[in-house]
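Notes to accompany the following structure.
Computed from the coordinates by the stated procedures, all read-outs in this text should not be read as laboratory data. For clarity, every value in this text was computed on a predicted model and none was experimentally measured. Backbone-built Cβ (ideal geometry, glycine too); neighbour counts: all protein chains shown.
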Amino acid sequence: MMRSLAARSTLALAAASNVAFAQQAQPPQPPARAIDMALALEAAQTAVSTCLGNDVKGTAAVVDSAGVLRVLLSADGSSKNSAELSPRKAFTASALKLPTSEVAARMEKDPAYKSRIEADTSLYPRPGALPLMVGNDVVGAIGFGGGTTLNGVQGGLRDEACAKAGLEKIKARLK
């Protein structure tokens, strides 16, 4: 029995060593790319002020390439819902490297794509966010939430227009 216990202990130690070695052997993840904080704040301020000019009280969120929130800016009177959803929209645009309106449109036409997107609960594929690109590289995304359907224009498309205003303000300075 002592010999069996010693053999099991040796096997357990060897297995644990192999797991630890395998974990150490993996290359480190590259750091997330992000825009300068001043640019992120300027983009969010532009998105919020543009929407306020159109009577939309909402929230702008800017995330880095890993989806980490960098800026969250809400207009006076914006809803809790807009503050919760704008970062999720931005995360989705960054992760998929696409405007969320394109993701939503593709989901309507492609059931298999829709199933894949809906299976990932971290994604929120509603219009209102755009990736921040430098060449072919995503450096983050800007998302906006708070628009409601008005005069036949869907809220998400109004949200995207606000996010686009923020992106356009800083686009030439992205690096």
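Quick one: which of Lys57/Lys175; Lys89/Lys164; Lys97/Lys171 span more than 25 angstrom between C-alpha atoms? All intermediate terms of the calculation are to be shown ahead of the outcome.
Numbers: Lys57/Lys175 30 Å; Lys89/Lys164 13 Å; Lys97/Lys171 16 Å.
With Cα atoms farther than 25 Å apart: Lys57/Lys175.
Points 7 angstrom from Cα along the Cβ direction at Arg106 and Thr121: gap in nanometres?
So the label points at Arg106 and Thr121 sit 2.4 nm apart.
What net charge is computed for the residues neighbouring Lys89, neighbours being all others with C-beta under 12 Å from the C-beta of Lys89, Lys and Arg scored +1, Asp and Glu -1? List each step's numbers first, then the result.
Numbers: positive: Arg88, Arg126; negative: Glu84, Asp159, Glu160.
Net charge around Lys89: -1.
Give me Asp64, Asp110 sorted ascending by neighbouring Cβ count inside 10 Å, so fewest comes first. All intermediate terms of the calculation are to be shown ahead of the outcome.
Values: Asp64 21, Asp110 12.
So the residues, fewest neighbours to most, are Asp110, Asp64.
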